[in-house]
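Step one of this worksheet: look at the structure below.
The values are calculated or read from the model by the stated rules, or taken from the named source; none is laboratory data. Please read these numbers as outputs of a predicted model, since none were measured by experiment. Positions of Cβ are generated from backbone atoms using ideal geometry, with glycine treated the same way; all protein chains shown enter the neighbour counts.
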Amino acid sequence: MPRALLLENIDPVAVELLSAAGYEVESVRGALDEIDLIDALEGVEVLGIRSKTRVTAKVLENRPELQAVGAFCIGTNQIDLAAATAAGVAVFNAPFSNTRSVVELAIAEIISLARRLIDRDRALHAGTWDKSASGSHEIRGRTLGIVGYGNIGSQLSVLAEALGMRVLYYDLEDKLALGNAERCGTLDELLERAETVSLHVDGRGGNAGMFGAEQFARMRPRSLFLNLSRGFVVDHEALRDHILSGHIAGAAVDVFPEEPREQGDEFRSVLRGLPNVILTPHVGGSTQEAQYDIGRFVAGKLVDYTRTGTTTLSVNLPAVVLHGSSADRFGLLHHNVPGVLARVDALVGDHGLNVDGQVLATRGQFGYVVTDVSAELPAALLAALRELPETVRLTTSG
Ligand SMILES: NC(=O)c1ccc[n+]([C@@H]2O[C@H](COP(=O)([O-])OP(=O)(O)OC[C@H]3O[C@@H](n4cnc5c(N)ncnc54)[C@H](O)[C@@H]3O)[C@@H](O)[C@H]2O)c1
């Protein structure tokens, strides 16, 4: 029976799916360090981790039997992706499973800021009854400006409109407007027109510090600001200045340039203690529903890859789908040099077999071809494929 090891308390749905696919699954609560991980991976084909386990080049070198790694989270920085690709190990993650959770938090925060809920809550906890409509607004009819109209930004657009907001968006790419949302040609145009600005850009290097004093100054007086994307995109000193001056009437921030490493570590930020500022510890995507969906999604990708060779949405391998499944299928990850496909097909023919189906894709220095052949795969063919100088890894499915 093939073995799978799941670390860091991954949702039980992943155990169910991998077990149903024929894996003997061991699930462990905590993370493992490099040495313990190498030990634990003996005979393991599929590894599941979250953000705390590092899959280094040394781990990969020591465990050639490992075929695939599932990052049951969004980020994959904890995995040496270049080393994984060179070792022919497919890596999958769950980039979209928590989209809805982030959007729901953003909606909750837009309403909370517009009603100054946290200030009222703090006052009442401190024993002060301050019943007033001053500074409280409905969000119906208000204009929301979404910066970054990707998975999260576009879903926020739909929910905000359903609540009666007018939506403007700005994206570097020419994204299709959903519903009645209106595309802005520049960030400045959005900042000058929106009453609430919500950032949902990705983490590309060029976005570091993209939102600072100049952008806050361009926002309309008494507008609201949210960042649930990446901490390093916003200058928090500038945000603090604009909150204290009253130019920005409230803010919600979920992500920070530096976040405490461990649970319980002190959180340091210039935004602490400011009025009508909601601070949350990077929990935008953290819900039970998102955890379940991440478990379901990543386990599904691992099963698909090991059973059918499908690499759709792999973080590091070329994307290939050959529909159906076959016991007479092999996948060959190889160096992307001219003539490999011809050599593969010649070897298949030399062993008296026909190619029934075949899909090839390349990604940088690597190519990946999945092939169905007309009869049972002979051991001699598999040996010949493994010996091709371009071969990185040969896998068989079924
Ligand atoms: N707070 C959380 O817990 C949490 C959870 C999930 C995702 N996120 C973060 O939310 C962000 C959005 O996630 P997503 O899944 O929607 O990503 P995505 O890649 O689908 O969308 C990002 C969009 O931003 C656009 N973009 C990038 N830079 C831009 C710029 N400077 N100006 C305008 N548009 C720009 C891109 O073209 C893209 O359309 C990411 O940074 C992600 O890491 C946070």
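Within the stretch 87-98, restricting attention to residues that are within 10 Å of the ligand (Cβ to nearest atom) and surrounded by fewer than 22 Cβ atoms within 10 Å (Cβ to Cβ), which residue is farthest from Asn316 (Cα to Cα)?
Phe96
When you scan the stretch 31-50, how many residues do you find that are in contact with a strand residue (DSSP E or B) (Cβ under 8 Å, 6 or more places away or on another chain) and not basic (Lys, Arg)? Outline the logic, then answer.
Our first condition is that a residue be in contact with a strand residue (DSSP E or B) (Cβ under 8 Å, 6 or more places away or on another chain); within the stretch 31-50, this holds for 31, 37, 40-41, 43-50.
Subset that is not basic (Lys, Arg): 31, 37, 40-41, 43-49.
So the answer is 11.
If a residue must be assigned to a helix (DSSP H, G or I) and either within 18 Å of the chain's Cα centre (by Cα) or buried (at least 24 other Cβ atoms within 10 Å of the Cβ) (or both), how many such residues does the stretch 135-166 contain?
8
Please work out which one of (1) part of a loop (DSSP other than H, G, I, E, B); (2) out of contact with any Pro (no Cβ under 7 Å at 6 or more places or on another chain); (3) more than 22 Å from Val13 (Cβ to Cβ) is the condition Phe267 fails and give its number.
Among (1) part of a loop (DSSP other than H, G, I, E, B); (2) out of contact with any Pro (no Cβ under 7 Å at 6 or more places or on another chain); (3) more than 22 Å from Val13 (Cβ to Cβ), Phe267 violates only (2).
Based on what the data block shows, is Tyr169 in contact with a Lys or Arg (Cβ under 7 Å, 6 or more places away or on another chain), in a loop (DSSP other than H, G, I, E, B), within 10 Å of the ligand (Cβ to nearest atom) and not charged (D, E, K, R)? Give the steps one after another, and end with the answer.
On the way: in contact with a Lys or Arg (Cβ under 7 Å, 6 or more places away or on another chain): yes; in a loop (DSSP other than H, G, I, E, B): no; within 10 Å of the ligand (Cβ to nearest atom): yes; not charged (D, E, K, R): yes.
When the stated conditions are applied, Tyr169 does not pass them.
So which of Ile294, Ile243 is closer than 30 Å to Glu195 by Cβ and of a type in the set (A, V, I, L, M, F, W, C)?
None of the other options fit; the residue is Ile243.
Name the one entry in Arg272, Arg363 that is without any contact (Cβ under 8 Å) to a residue 60 or more places away in the chain, closer than 30 Å to Arg230 by Cβ and touching a Pro at 6+ places or on another chain (Cβ under 7 Å).
Being without any contact (Cβ under 8 Å) to a residue 60 or more places away in the chain, closer than 30 Å to Arg230 by Cβ and touching a Pro at 6+ places or on another chain (Cβ under 7 Å) holds for just one of Arg272, Arg363, which is Arg363.
Quick check on Ala108: is it exposed (fewer than 15 other Cβ atoms within 10 Å of the Cβ), assigned to a loop (DSSP other than H, G, I, E, B) and at pLDDT 95 or above?
Here the answer is no, as Ala108 does not meet what is asked.
What pairs come out if I take residues in the stretch 119-139 that are within 22 Å of Arg222 (Cβ to Cβ) and pair them with residues that are of a type in the set (Val, Ile, Thr) and not in a loop (DSSP other than H, G, I, E, B) whose C-beta lies under 9 Å away, six or more apart or interchain?
Partner pairs satisfying both residue conditions: Glu138/Ile111; Ile139/Ile107; Ile139/Ile110; Ile139/Ile111; Ile139/Thr196.
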